[in-house]
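The next block holds one structure in the form of structure tokens; read it before the comments.
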Amino acid sequence: MTVPFYVSPEQLMKDRADFARKGISRGRSVLVLQYADGVAFVAENPHRTLHKISELYDRVAFAAVGRYNEYENLRIAGVRLADIRGYSYDRADVTGRGLANAYAQTLGTIFSSGGEKPYEVELFVAELGDSEETDQIYRLTYDGSVADEHRFAVMGGSAEQVADYLRSNYEDALSLSDVVRLGADALGHDSQQARTLTPLELEVAVLDRSRSQPRKFRRISGPRLTALFPEEETPADTGAAGSEATATGSSGAEPTGGEATPSAEEPPASESSD
Amino acid sequence: MNAVANPIEHGRLPASYLTPGSSSFADFLSQQAPDLLPSRRHRGAVSGDLSGEVLHGTTIVAVTYPGGVVMAGDRRATMGNVIAQRDAEKVYPADEYSCVGFAGSSGPGVEMVRLFQTELEHYEKIEGTTLSIDGKANRLSGLIRGNLAMAMQGLAVVPLFAGYDMTRERGRIFSYDVAGASYEETAFHAVGSGSVFARGALKKLYHEGMSERDSVSSILQALYDAADDDSATGGPDLPRRIFPIVAVVTADGYRRLPDADVGQLADDVVNSRMSRPDGPAAPLY
């Protein structure tokens with residue numbers, strides 16, 4: 001005779017939360033920071049095309065950490081929901097709050113249902129307002145809870161250390177280059193020993209209030225990203241990564257990815273499309 | 001409004017949203033909310049010929065020049081023999097590097113443009129890259145094909161699509177028939193009821209290597225000729241200062257010319273017609 005196997009609901013939820021947290025803590029961090037012209041996202045991501053930061057709609061952007069296939073699914077679902085709403089109602093009726101709600105419900109249901117494994121992801125959904133006060137930043141965790149963030153927020157592997165660094169160094173209304181450099185510094189302070197991240201290891205995108213087009217999302221990559229890091233600050237003494245950065249900074253040399261050359265020709269208007 | 005269009009009021013994203021699938025918005029819409037497709041909206045509700053009962057837009061003209069492409073449309077919409085609207089808009093941006101104009105029924109035309117815009121943006125967001133210009137032109141074909149049943153009942157939409165080709169570094173124009181077949185046009189093209197006259201004018205006015213300004217002027221001349229001979233095409237409305245919508249697409253993207261600029265060029269066209277009502281004379285040989 002077997003004794004039925006009993007697990008208390010508390011234990012069950014705790015196990016599921018531990019499982020999700022473990023998956024998320026393996027990934028690098030993603031930051032969202034308010035700056036003078038809008039909302040900036042900075043992530044450590046050496047991949048060129050596997051984005052952690054994406055556009056959902058005109059004024060709404062998405063960033064994620066965790067398992068790629070899971071957050072990619074959520075991203076596509078968000079784009080579909082936004083586009084179908086914008087098409088059937090009006091572009092103005094697609095809101096960050098609506099999308100954050102849909103994500104919260106989805107993550108929450110999956111987390112508490114016994115049938116599916118919890119998603120190992122955390123998300124940011126940010127909506128650009130007309131001014132800094134009306135910007136909205138939502139942070140969603142694996143269990144569907146939502147937090148409303150201001151000024152800056154961090155998620156991912158070493159969120160606590162990175163947030164500590166930002167708490168002592170963040171200032172309001174920073175310029176784009178200052179906020180991106182601050183973000184890169186903060187991402188480097190994710191362990192006892194500070195690292196220096198080069199532009200090649202960063203994924204940067206902004207919701208830019210100063211953009212005249214209705215779609216405010218803009219990726220900053222290649223030469224435009226490198227240009228935000230003045231040459232004298234690029235370290236030459238941190239081994240392979242450092243020497244790569246120096247190569248990008250000096251005008252003639254081509255970086256390993258060969259990214260700088262084709263996009264230098266790129267007209268400014270194309271920046272939303274890549 | 002049906003429930004599918006608004007799934008979030010009651011909870012989580014539907015499973016179908018989270019299933020990998022097509023990067024086409026129209027395909028997704030046809031599975032999730034087919035009633036929202038312009039081609040399905042009026043299904044069953046329409047019998048007989050409606051062409052005299054609904055708004056019709058008329059002439060759209062496009063011209064390529066070395067830096068890109070210019071598209072313009074007159075502002076008149078007619079309903080039978082009544083002028084229903086004097087400031088209709090028939091030329092729209094399709095995405096950052098292309099524009100679309102349409103002649104034919106206004107309602108289905110506007111909806112088709114909205115669907116096409118969303119289609120391009122959706123693909124761009126899902127795939128992380130833009131469609132090639134031929135890809136965009138073919139997607140528009142697909143959308144028009146779905147409209148064939150309505151076209152048979154007098155609700156035809158005939159678009160004109162133009163954009164800047166980043167790889168070939170020039171402007172390109174695509175025309176369509178009501179069945180959705182797409183044809184690439186060289187140099188210039190016009191669609192709509194006044195298109196015969198506009199095209200005739202452009203044959204004499206177009207020459208290779210025109211500047212952007214000259215291209216715009218030639219289009220305004222062509223639209224003037226269209227309005228001169230076609231009752232459904234509106235000419236420049238001087239007392240109300242309503243002028244054609246002029247879109248320019250270059251390597252820098254789409255832009256609509258400010259009304260003031262178009263107004264100035266239109267004034268020049270009208271002034272030149274005061275001395276020669278039939279417009280500029282082309283040399284015989």
Along the Cα→Cβ direction, 7 angstrom out, place labels at B:ASP214 and B:ASP259. What is the inter-label distance in nm?
3.0
Measuring from its Cα centre, the protein assembly as shown shows a charge dipole (+1 at each Lys and Arg Cβ, -1 at each Asp and Glu Cβ) which, in debye to the nearest 20, is 1440
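From largest accessible area down, sort A:HIS150, B:HIS122; use a 1.4 Å probe on the protein chains. List each step's numbers first, then the result.
Details: A:HIS150 115, B:HIS122 0 Å².
Highest to lowest solvent-accessible surface, that is A:HIS150, B:HIS122.
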Global size of the protein assembly as shown as Cα Rg and Dmax, reported in angstrom
27.2, 109
Where in the stretch B:168-186 does the amide nitrogen come within less than 15 Å of the point 7 Å from the Cα of B:ASN138, taken along Cα to Cβ?
B:181-184
Top to bottom by accessible area (1.4 Å), largest first, where do A:ARG167, A:ARG28 land?
A:ARG167, A:ARG28
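What is the dipole size for the stretch A:9-232, taken about its Cα centre, with +1 at each Lys and Arg Cβ and -1 at each Asp and Glu Cβ, in debye to the nearest 20? Mind showing how you got there, number by number?
Working: 28 positive and 35 negative charges, 140 e Å.
My answer is approximately 680 debye.
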If the cut-off is 29 Å between C-alpha atoms, which lysines fall inside it for B:LYS204, apart from same-chain ones fewer than 8 positions away?
B:LYS90
If I model a spin label as a point 7 Å beyond the Cα along the Cα-Cβ vector, how far apart are those points for A:ALA17 and B:ARG170 in nm?
6.5
Calculate one ³J(HN,Hα) per residue across the stretch B:242-248 by plugging θ = phi - 60° into the Karplus curve 6.51 cos²θ - 1.76 cosθ + 1.60, and present them in order as whole Hz with x for glycine and proline.
10, 10, x, 7, 10, 10, 10
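If you roll a 1.4 Å probe over the stretch A:9-232 with all protein chains in place, what percent of the accessible area is carbon or sulfur? Before the final figure, lay out the partial values.
Values: 4230 of 8910 Å².
Accessible surface attributable to carbon and sulfur in the stretch A:9-232 totals 47 percent.
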Would you kindly find the accessible area of A:TYR138, with a 1.4 Å probe and non-protein molecules such as ligands, DNA and RNA excluded, rounding to the nearest 10 Å²?
30
Using θ = phi - 60° and Karplus 6.51 cos²θ - 1.76 cosθ + 1.60, couplings along the stretch B:148-154 (whole Hz; Gly, Pro as x):
4, 4, 6, 4, 5, 9, x
If DNA, RNA and ligands are ignored and the probe is 1.4 Å, what is the ranking of B:SER195, A:SER221 by accessible area, most exposed first?
A:SER221, B:SER195
Under a 1.4 Å probe, counting only protein heavy atoms, B:LYS204 has an accessible area in Å², nearest 10, of 130
Can you work out the FRET efficiency for the pair A:ASN169 and B:GLN85, with r the C-beta to C-beta distance and R0 = 60 Å, to the nearest 0.05?
0.55
Counting only protein heavy atoms and leaving out ligands, DNA and RNA, the solvent-accessible surface of B:THR167 at a 1.4 Å probe, in Å² to the nearest 10, equals 130
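On average, how much area does the Cα convex hull of chain B cover when viewed from any direction, in nm²? Please list the in-between numbers first.
Numbers: hull surface 67.2 nm².
Over all viewing directions, chain B projects a mean Cα-hull area of 16.8 nm².
List the GluC sites (Glu not before Pro) within the stretch A:48-127 that fall in a DSSP loop (any state other than H, G, I, E or B) and whose Cβ has at most 15 other Cβ atoms within 10 Å.
Details: sites: A:GLU55, A:GLU70, A:GLU72, A:GLU116, A:GLU120, A:GLU122, A:GLU127; in loops: A:GLU116, A:GLU120.
Answer by residue number: A:GLU116.
At a Förster radius of 25 Å, what calculated FRET efficiency corresponds to the Cβ-Cβ distance of B:ASP177 and B:SER22, to the nearest 0.05?
For B:ASP177 and B:SER22, the calculated efficiency is 0.45.
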Selection from B:SER272, B:TYR183, B:GLY104, by position along the positive dipole direction of the stretch B:53-275 (Cβ)
B:GLY104
Which value, in debye to the nearest 20, gives the size of the charge dipole of the stretch B:53-275 about its Cα centre, when Lys and Arg are +1 and Asp and Glu are -1 at the Cβ?
240
On the protein heavy atoms, probe 1.4 angstrom, tell me the percent of accessible surface of chain B carried by carbon and sulfur.
51
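For the stretch A:9-232, what is Rg from Cα atoms divided by 2.2 N^0.38 Å, rounded to two decimals? Walk me through the numbers on the way to the answer.
Values: Rg = 17.0 Å, N = 224, 2.2 N^0.38 = 17.2 Å.
Cα Rg divided by the expected 2.2 N^0.38 Å: 0.99.
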So what is the accessible area of the stretch A:9-232 per residue, in Å², with the probe set to 1.4 Å?
40
Nearest-0.05 FRET efficiency for B:ASP229 and A:ARG48 at R0 = 45 Å, using Cβ-Cβ distance, is 0.20
Would you please give the residues with an amide H less than 5 Å from that of A:VAL39, counting only those at least 5 places away or on a separate chain, with H modeled from the backbone geometry?
A:LEU207, A:ARG209
On complex formation of A with B, accessible surface lost, both sides summed, probe 1.4 Å, nearest 100 Å², amounts to 3300
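Counting pairs of alpha carbon atoms under 8 Å apart in space and at least six apart in sequence, what relative contact order in percent does chain B give?
Numbers: 566 pairs, mean separation 63.6, N = 285.
Computed over chain B, the figure is 22 percent.
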Take the residue pairs A:LYS216/B:LYS136; A:LYS117/A:LYS216; A:LYS22/A:LYS52 and return only those whose Cα atoms are more than 26 Å apart.
A:LYS117/A:LYS216
Tabulate in residue order the Karplus-calculated ³J(HN,Hα) for the stretch B:77-85, using 6.51 cos²θ - 1.76 cosθ + 1.60 with θ = phi - 60°, rounded to whole Hz; enter x for Gly and Pro.
10, 10, 9, x, 9, 9, 7, 8, 8
Where Lys and Arg each count +1 and Asp and Glu each count -1, what net charge lies around B:GLY67 among other residues with Cβ under 14 Å from its Cβ?
-1
Helix-only [θ]222 nm of chain B, DSSP H runs n ≥ 4, -39500 (n - 2.57) each, per residue, nearest 500
-10500 deg cm²/dmol
On average, how many beta carbons from a partner chain sit within 10 Å of the beta carbon of a residue in A:176-185?
0
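The values are calculated or read from the model by the stated rules, or taken from the named source; none is laboratory data. Bear in mind that the values here come from a model prediction, so they are computed numbers and not experimental data. Heads up, the Cβs are rebuilt from the backbone with ideal geometry, glycines too, and the neighbour counts pull from every protein chain shown. When the accessible area is computed, the model is the full protein with side chains, heavy atoms only, and any ligands, DNA or RNA have been set aside. Shrake-Rupley method; radii C 1.70, N 1.55, O 1.52, S 1.80 Å.
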